[in-house]
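Here's the structure we're looking at; comments come further down.
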Amino acid sequence: MIDFQNVAYNYGGGELLTDISLRLPPGSFHFLTGPSGAGKSTFLKLCYGELHPTAGRVTVDARDLRSLTRDQVAALRCRIGVVHQDCQFLDHLPVAENIALPLTATGHPVDPADLSALMGWVGLMPLAQHRPPQLSGGERQRAALARAVIMSPDVILADEPTGNLDWDMSLRLLTLLIELNKMGKTVLIATHDLNLIRSAKSQVPVRVLRIRDRRLQLAGSDL
Amino acid sequence: MTRPLRPLIDLLAGDRTADRIVPPSGFTARLTSFTAGAMAFLVVFALALSVAAGRMAERWSDALAQTATIRISAPAAQMQAQTDKVLAILKETPGVAAARALSDDEQKKLLEPWFGPDLPLDALPVPRLIDVRETATGFDADGLKNRLAAEVPGAVLDDHTRWRRPLVAAADRLRLLGLMSILLIGGATAAMITLAANAALAANAQVIRVLRLIGSRDSYIARAFVRRFTLRALSGAAAGTLAGMGAIALMPATDQAGSFLTGLGFQGLGWLLPLLVPPAAALVSFAATRGAALATLRRLT
Ligand SMILES: Nc1ncnc2c1ncn2[C@@H]1O[C@H](COP(=O)(O)OP(=O)(O)OP(=O)(O)O)[C@@H](O)[C@H]1O
Ligand SMILES: [Mg+2]
């Protein structure tokens, strides 16, 4: 589904990622680890076309992201749900409307029951009418995950989705992602949380990728 | 709800969420409405000016094309003879379609506004007036003047409408200036709304970024801005237009055909003309905002 072919990236300084080749097949479940500043977020941005590689190419369904028109990029992003590390909400809208935004902004009807169920799952029901700036870091991450999955996208990319969460809530979100993966969705989670990875490994087949020395490696059984 | 009505209802009702994705901006909103209102007010005046100038030019040029007057001042005894002589001359003059001496009654009526109804016309040495109608080509005024001076010394050709010729040209020019003003005001409105829209787009860069990330198309994002500015311009222009129409309706009016100042205004169906201003303002705003939004969105990759 998502293909990296000899991809390199740099922000203008030295090369951050070098010669990355990788295939994320449909229905696969991947973790991405690496030290802070290694380029995990950058890698995810390359996946959904917010950044374009400085060498090599990224394709989704065999189409080079660079060659897409803007409407095609928009259509692609409807099929890729992203939990951004910095969440990215519309601060003037209530949380509930932010979560429903991928639907409303593409002209889809919002089923209030579905929305409530999803918000209930991530434990945000009491905060539905709060504005995003009023939420705690963990609450924001849960809202971001809810928004990422509301369109039932083919691919879910989550950048540190549990960074600010307690263990119980982390497991709850992981369960949601695992259930979605079982429904055939492709999942990629960038995280430092080794316990989370272990917990996932015990439930579904998981591959763990690690960025080290600007390259992407398949992590071994040390995790 | 029946299906075929759906798009129309959607259009009228708008997309509530689409309106809300851009945070409200009270101050810019009021400025945009105010600008549109002020511009609409000015357009109504320019329109009234053009219409009145057009009306005036038409009336004056009609009169111009058709009439002149010959005034005969003679002792009562010779009056009829001189009148006949002038009419005979006019009959031979090329370019004269018809000539007719005014009756006493008609002369009385002309003088009434100045001297009252009880004017003893017989007792006063009032000159006799001959109404001359020209053909389309007109006659040679100087030639006729010379001939009258030679043959009927009491007769004076008063080609009084001729001095209006530059006035007709001026009225025509005034109408053109009015129309040009309307175009300029329209352009200025478009420019100002473009600036306001660009400011709104710049202020909402983060909103645009988030919408992009979740897969909104440019047309959807642009529509949120366009709808907002179009509605503001429409409401502002409606208020400005009503104010302008009210001001013109309150101008002191007179039925006397003459004065330009009192003739400034709309007549009959002409009052429907300014009603076009608000939709035109909405259209200008729609085009300006849409252009600005799509250009900005193209730039922000
Ligand atoms: N827009 C940018 N311009 C310049 N440099 C950037 C930009 N974004 C990130 N970087 C740099 O690129 C490197 C990788 O950033 P990235 O956010 O991908 O790291 P990360 O692996 O996600 O880190 P973390 O675990 O802390 O989230 C960092 O050194 C960062 O400073
Ligand atoms: Mg990161």
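Brief remarks follow.
- Some residue of the range A:83-90 being on the phi > 0 side of the Ramachandran plot and more than 7 Å from chain B (Cβ to nearest Cβ): yes
- Subset of the range A:12-29 (residues that are within 15 Å of ligand 1 (Cβ to nearest atom) and either open to solvent by less than 10 Å² (accessible area, probe 1.4 Å) or free of Cβ contacts under 8 Å to residues at least 12 places away in the same chain (or both)): A:12, A:13, A:14, A:17, A:20
- Candidates A:96, A:62, A:117, filtered to the one that is more than 9 Å from chain B (Cβ to nearest Cβ), more than 17 Å from residue B:212 (Cα to Cα) and touching a residue at least 40 places away in the same chain (Cβ under 8 Å): A:62
- Within the option set A:157, A:196, A:209, being more than 14 Å from chain B (Cβ to nearest Cβ), within 16 Å of ligand 2 (Cβ to nearest atom) and assigned to a strand (DSSP E or B) holds for one residue only, A:209.
- The numbered conditions (1) out of contact with any helix residue (DSSP H, G or I) (no Cβ under 7 Å at 6 or more places or on another chain); (2) facing another protein chain (nearest Cβ under 9 Å) are all true for residue A:67 except (2).
- Residue A:163 meets the conditions (1) closer than 21 Å to residue A:98 by Cα; (2) surrounded by 19 or more Cβ atoms within 10 Å (Cβ to Cβ); (3) within 16 Å of ligand 1 (Cβ to nearest atom) in every case but one. The failed one is (2).
- Test: residue in the range A:57-70 that is within 16 Å of ligand 1 (Cβ to nearest atom) and either in contact with a Lys or Arg (Cβ under 7 Å, 6 or more places away or on another chain) or within 27 Å of residue A:197 (Cβ to Cβ) (or both): yes
- The requirement of being more than 16 Å from ligand 2 (Cβ to nearest atom), in contact with a helix residue (DSSP H, G or I) (Cβ under 7 Å, 6 or more places away or on another chain) and closer than 30 Å to residue A:17 by Cα is satisfied by residue A:58.
- Filter pass, residue A:57 being away from chain B (no Cβ under 14 Å), out of contact with any Cys (no Cβ under 9 Å at 6 or more places or on another chain) and open to solvent by 10 Å² or more (accessible area, probe 1.4 Å): yes
- Residue match in the range B:11-22 (condition: outside the structural domain of residue B:148 (by TED's automatic domain parsing), part of a loop (DSSP other than H, G, I, E, B) and either within 31 Å of the chain's Cα centre (by Cα) or at pLDDT 80 or above (or both)): yes
- Meets criteria (away from chain B (no Cβ under 12 Å) and either outside any loop (DSSP other than H, G, I, E, B) or not aliphatic (A, V, I, L, M) (or both)) for residue A:123: yes
- Number of residues in the range A:164-193 that are over 13 Å from the mean Cα position of the chain (by Cα), touching a residue at least 60 places away in the same chain (Cβ under 8 Å) and within 16 Å of ligand 2 (Cβ to nearest atom) equals 1.
- Qualifying residue in the range A:72-90 (condition: touching a Lys or Arg at 6+ places or on another chain (Cβ under 7 Å) and farther than 22 Å from residue A:159 by Cβ): no
- Residue in the range B:204-212 that is away from every other protein chain (no Cβ under 14 Å) and surrounded by fewer than 13 Cβ atoms within 10 Å (Cβ to Cβ) present: no
- Inside the range A:61-75, residues that are hydrophobic (A, V, I, L, M, F, W, C) and either out of contact with any strand residue (DSSP E or B) (no Cβ under 9 Å at 6 or more places or on another chain) or at pLDDT 95 or above (or both) make up a count of 3.
The values are calculated or read from the model by the stated rules, or taken from the named source; none is laboratory data. Please read these numbers as outputs of a predicted model, since none were measured by experiment. As a convention, Cβ positions derive from the backbone with ideal geometry for all residues, glycine included, and neighbour counts pool all protein chains shown. For accessibility, only protein heavy atoms count, side chains too; no ligands or nucleic acids. Shrake-Rupley method; radii C 1.70, N 1.55, O 1.52, S 1.80 Å.
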